[in-house]
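Notes follow once the structure below has been shown.
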Amino acid sequence: MSDDQNRRLDLYLTIVMSVAALATSWAGYQASVWSGDQASHGGAATALRTASTRVSTRAGQERIVDVQLFTSWLGAYASGNRRLATFYEERFRPEFVPAFRVWVASRPLRSPGAAPTPFTLPQYKVASDSEAQRLAREADHESGASEFANSVSDGYVLDAVILATVMFFATAAQRGLSTHLRLVCFIIALAMCAFGVYRLFTSPLA
């Protein structure tokens, strides 16, 4: 290989190494940003799941209150103690009242097709249940976003590793190797650089 060819090869190697160095810096920056997004979404998912569990527990407690008050009302009504039955009825939770009234209107003692209890009617709803489900869905969304950010961050780390091999082969090609080995190292470095840069251009940006 002539001196001019050696100089051109050195120039090409310098260009490839410069591109690889810049691309490696960009890959590292993107990996760190996506890693931060992963942590942020993961923390939000944990907080939402905790809130969902807390609200779900409250829904269960409210349901127990409804059952206990209704059972007490039923006992008082069955024993003919209207005053005590009214006492319990006045303490029903507002969410339970619509289902209770529909159930009473269906005349359950006389109508065989009536619902056995107000709790089986569509009018019986516990708002905390819906809130817990909403929080759980949001937690699932945040978990998905965290997993996506993690996969993208891992992809950028892989890009950085690929570009590091470019620096290795480009550096090897600059040393006192034979012409054939220098060309082989240069071709490998160029191919890896092109592949790494292509991956960077096709990866999501933070």
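Tabulated data for the structure shown
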| read-out | value |
| --- | --- |
| Within the stretch 37-66, considering residues that are among the β-branched types (V, I, T) and surrounded by 13 or more Cβ atoms within 10 Å (Cβ to Cβ), the one nearest to A136 (Cα to Cα) | T53 |
| Residues that are under 42 Å from the mean Cα position of the chain (by Cα) and surrounded by fewer than 18 Cβ atoms within 10 Å (Cβ to Cβ), drawn from the stretch 72-100 | R91, R93, P94, E95, V97, P98 |
| Single match in S130, S143, S153 (criterion: among the polar types (S, T, N, Q) and modelled with pLDDT under 95) | S130 |
| Top-ranked residue of the stretch 124-137 - restricted to ones that are surrounded by fewer than 16 Cβ atoms within 10 Å (Cβ to Cβ) and not hydroxyl-bearing (S, T, Y), ranked as nearest to the chain's Cα centre (by Cα) | R137 |
| Where a residue in the stretch 1-24 is in a loop (DSSP other than H, G, I, E, B) and its partner, wherever it lies, is modelled with pLDDT under 80, with Cβ under 6 Å and at least six apart | M1/T179 |
| Residue check, S72 in contact with a helix residue (DSSP H, G or I) (Cβ under 6 Å, 6 or more places away or on another chain), without any contact (Cβ under 8 Å) to a residue 40 or more places away in the chain and not in a loop (DSSP other than H, G, I, E, B) | yes |
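The values are calculated or read from the model by the stated rules, or taken from the named source; none is laboratory data. Quantities reported herein were computed from a predicted structural model and do not represent experimental measurements. We place every Cβ from the backbone using ideal geometry, glycine too, and count neighbours over all the protein chains shown.
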